Amino acid sequence: RKEVEQDPGPFNVPEGATVAFNCTYSNSASQSFFWYRQDCRKEPKLLMSVYSSGNEDGRFTAQLNRASQYISLLIRDSKLSDSATYLCVVTVGGSYIPTFGRGTSLIVHP
Amino acid sequence: SQTIHQWPATLVQPVGSPLSLECTVEGTSNPNLYWYRQAAGRGLQLLFYSVGIGQISSEVPQNLSASRPQDRQFILSSKKLLLSDSGFYLCAANTITPNTGELFFGEGSRLTVL
């Protein structure tokens with residue numbers, strides 16, 4: 001079983017739709033969780049950190065479920081510019097090594 | 001805030017030729033440094049990481065090597081490139097203090113081995 005798993009998609013949604021991605025992790029000692037966005041042929045950039053209490057930034061909401069060992073990303077009112085690959089990143093407590101999921105591809109169409 | 005400079009941005013190299021990719025970090029001291037590779041349509045594979053000058057840990061066996069001659073300089077090298085070395089190479093850093101766990105990436109180096 002991979003340490004961090006994501007559905008690769010693509011998720012194909014119309015503008016204005018709400019879309020959600022999940023990411024599961026295998027190590028219960030995981031402590032830090034992030035969502036990154038990667039545009040085609042570009043470097044990943046931090047979208048948001050994921051806190052135990054959940055967090056929201058505009059149209060984006062991230063949640064952590066420690067019991068079931070997954071994090072989620074919800075995007076409301078999708079824009080064409082949201083089209084990208086969304087990477088889940090998990091770091092085990094005390095480790096120097098962030099582990100990336102393979103990413104979920106989102107395509108928002110008119 | 002941190003800035004990661006990485007070069008060259010693009011290179012095309014013949015099989016068997018050497019490689020040197022360089023990465024420098026601004027805006028922080030004593031960062032953890034990482035080299036990742038991303039093959040076309042694939043996820044990020046960690047190649048090397050470093051927690052200090054001269055300290056290199058390798059995650060996968062390969063014909064690549066890494067060095068950290070200065071606190072904020074990280075170099076990826078190969079003596080003889082293979083076709084399978086083609087990919088998008090990303091240098092990344094995160095801070096020790098504060099230890100937020102957030103990774104900052106350079107803009108990447110796209111390598112094509114022919």
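The values are calculated or read from the model by the stated rules, or taken from the named source; none is laboratory data. Here the structure is a predicted model, which is why all the values come from computation and not from measurement. All Cβ positions, glycine included, derive from the backbone under ideal geometry; neighbour counts span all protein chains shown.
Remarks
- Where strands (runs of 3 or more DSSP E) fall wholly inside region B:18-65, the ranges with 2 or more residues that are of a type in the set (D, E, K, R) are B:19-26.
- When every residue of region A:30-37 is checked against the conditions, none turns out to be more than 14 Å from chain B (Cβ to nearest Cβ), of a type in the set (Ser, Thr, Tyr) and either outside any loop (DSSP other than H, G, I, E, B) or surrounded by 14 or more Cβ atoms within 10 Å (Cβ to Cβ) (or both).
- Region A:53-110, residues that are in contact (Cβ under 8 Å) with a residue 60 or more places away in the chain and away from chain B (no Cβ under 14 Å): A:ASP77, A:SER78, A:LYS79, A:LEU80, A:LEU106, A:ILE107, A:VAL108, A:HIS109, A:PRO110
- Test: residue in region A:34-49 that is out of contact with any Asp or Glu (no Cβ under 8 Å at 6 or more places or on another chain), over 30 Å from B:TRP7 (Cβ atoms) and touching a residue at least 12 places away in the same chain (Cβ under 8 Å): no
- Residue list for region A:13-35, restricted to those being over 16 Å from the mean Cα position of the chain (by Cα) and at pLDDT 95 or above: A:VAL13, A:PRO14, A:GLU15, A:GLY16, A:ALA17
- All positions within region B:32-72 that are exposed (fewer than 15 other Cβ atoms within 10 Å of the Cβ) and either touching a Ser or Thr at 6+ places or on another chain (Cβ under 6 Å) or within 24 Å of A:GLY101 (Cα to Cα) (or both): B:ALA39, B:ALA40, B:GLY41, B:ARG42, B:VAL51, B:SER57, B:SER58, B:GLU59, B:VAL60, B:PRO61, B:ASN63
- Selection status of B:GLN55, in contact with a strand residue (DSSP E or B) (Cβ under 9 Å, 6 or more places away or on another chain) and more than 12 Å from every other protein chain (Cβ to nearest Cβ): no
- Yes/no for A:SER81 being part of a helix (DSSP H, G or I) and under 30 Å from B:THR3 (Cβ atoms): yes
- Criterion (touching a Pro at 6+ places or on another chain (Cβ under 7 Å) and more than 12 Å from chain A (Cβ to nearest Cβ)) met by exactly one of B:SER67, B:SER78, B:SER84: B:SER78
Condition check ((1) closer than 19 Å to B:TYR49 by Cα; (2) aromatic (Phe, Trp, Tyr)) across all residues:
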site	(1), (2)
A:ARG37	no, no
A:LEU47	no, no
A:TYR51	no, yes
A:TYR96	yes, yes
